[in-house]
Amino acid sequence: EVQLVESGGGLVQPGRSLKLSCAASGFTFSNYYMAWVRQAPKKGLEWVATISTSGSRTYYPDSVKGRFTISRDNAKSSLYLQMNSLKSEDTATYYCARRPFDYWGQGVMVTVSS
Amino acid sequence: DIQMTQSPSFLSASVGDRVTINCKASQNINRYLNWYQQKLGEAPKLLIYNANSLQTGIPSRFSGSGSGTDFTLTISSLQPEDVATYFCLQHNSWPYTFGAGTKLELK
């Protein structure tokens, strides 16, 4: 059974950093592109980042480019999202997802507030 | 960026009703359109991929159609367990974009 379990969320002040993790199981992690998607409270979904199987290629929307970094450790079947210079508008539930977005984790909440 | 316009935002229907939800892309996305169901507090669940392919394990009352810019999710006979929010995702080109969602409730 495919499982994706996020961790690392919490309350953080504006301008600070936070790193999310996603532990994958039930499939060959190294064979899949992976992604992060977020959902702000009472808002729609926004794609945040995607990473290739080897980690050599990464993709971001303009809203997070230069602040967020997606990475992976295939030996540990783990996905990460390093979030720097956080803003209040980054407050959201963050999901990790396997591309082609067929499986998603339960999500982890990130609140950016002073 | 490709804008995904989803309609309606809210839908109230009775058990047994045929329900349709639409997504319109601002430009051609071929068939690169997925449909998801999300229940409160749960992870999104893939229902339909590439516009009309039913994901394994999803009941056959769910179906998808369309190509290019106009897409439809149909529930042929609404069941109580279908109460949820539904949204579409275009994965034709970066940045991938989502519809705003349709909240489906029982009448």
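Rule-based calculations on the coordinates, nothing more; no lab input. All of these numbers come straight from a predicted model, not from anything done at the bench. For neighbour counting, all protein chains shown are included, and Cβ atoms are generated from backbone atoms with ideal geometry for every residue, glycine included.
For the stretch A:1-36, filtered to residues that are β-branched (Val, Ile, Thr) and assigned to a strand (DSSP E or B), the residue that is farthest from A:Thr50 (Cα to Cα) is A:Val12. In this structure, is B:Tyr32 out of contact with any helix residue (DSSP H, G or I) (no Cβ under 8 Å at 6 or more places or on another chain) and surrounded by 21 or more Cβ atoms within 10 Å (Cβ to Cβ)? So B:Tyr32 fails the test.
Counting only strands (runs of 3 or more DSSP E) that sit wholly inside the stretch A:41-110, those with at least 2 residues that are aliphatic (A, V, I, L, M) and farther than 20 Å from A:Ser30 by Cβ are A:45-51.
If A:Asn31 satisfies all but one of (1) closer than 16 Å to A:Glu6 by Cα; (2) out of contact with any strand residue (DSSP E or B) (no Cβ under 8 Å at 6 or more places or on another chain), what's the number of the condition it fails? (1) is the only condition that A:Asn31 fails. Here A:Asp62 passes the criteria (1) in contact (Cβ under 8 Å) with a residue 24 or more places away in the chain; (2) within 14 Å of another protein chain (Cβ to nearest Cβ); (3) of a type in the set (D, E, K, R) except the one numbered (1).
Across the stretch A:98-114, the qualifying residues are those that are of a type in the set (A, V, I, L, M, F, W, C) and surrounded by 16 or more Cβ atoms within 10 Å (Cβ to Cβ), and the one among them that is farthest from the other protein chains (Cβ to nearest Cβ) is A:Val112.
Within the stretch B:41-59, is even one residue more than 14 Å from chain A (Cβ to nearest Cβ), under 10 Å from the mean Cα position of the chain (by Cα) and touching a residue at least 24 places away in the same chain (Cβ under 8 Å)? No, the conditions are met nowhere in the stretch B:41-59. With respect to the stated conditions, B:Gly64 is more than 14 Å from chain A (Cβ to nearest Cβ), touching a residue at least 12 places away in the same chain (Cβ under 8 Å) and outside any loop (DSSP other than H, G, I, E, B). Can you pull out every residue in the stretch A:4-43 that is free of Cβ contacts under 8 Å to residues at least 60 places away in the same chain and surrounded by fewer than 16 Cβ atoms within 10 Å (Cβ to Cβ)? A:Ser25, A:Gly26, A:Thr28, A:Ser30, A:Asn31, A:Ala40, A:Pro41, A:Lys42, A:Lys43, listed by residue number.
The residue that is surrounded by the most Cβ atoms within 10 Å (Cβ to Cβ), among those in the stretch A:69-97 that are small (Gly, Ala, Ser) and without any contact (Cβ under 8 Å) to a residue 40 or more places away in the chain, is A:Ser71. From the list B:Gly64, B:Gly41, the one residue that fits, being closer than 21 Å to A:Leu45 by Cβ, crowded, with 20+ Cβ neighbours inside 10 Å and small (Gly, Ala, Ser), is B:Gly64. Would you call A:Ser56 touching a strand residue (DSSP E or B) at 6+ places or on another chain (Cβ under 6 Å), surrounded by fewer than 16 Cβ atoms within 10 Å (Cβ to Cβ) and away from every other protein chain (no Cβ under 14 Å)? It is false that A:Ser56 is touching a strand residue (DSSP E or B) at 6+ places or on another chain (Cβ under 6 Å), surrounded by fewer than 16 Cβ atoms within 10 Å (Cβ to Cβ) and away from every other protein chain (no Cβ under 14 Å). For the stretch B:72-92, the set of residues classified as outside any strand (DSSP E or B), away from chain A (no Cβ under 11 Å) and touching a residue at least 40 places away in the same chain (Cβ under 8 Å) consists of B:Ser76, B:Ser77, B:Leu78, B:Gln79, B:Pro80, B:Asp82, B:Val83, B:Asn92, listed by residue number.
Evaluation of A:Thr50 against the conditions (1) within 14 Å of chain B (Cβ to nearest Cβ); (2) among the polar types (S, T, N, Q); (3) touching a residue at least 60 places away in the same chain (Cβ under 8 Å) shows that the sole unmet condition is (3).
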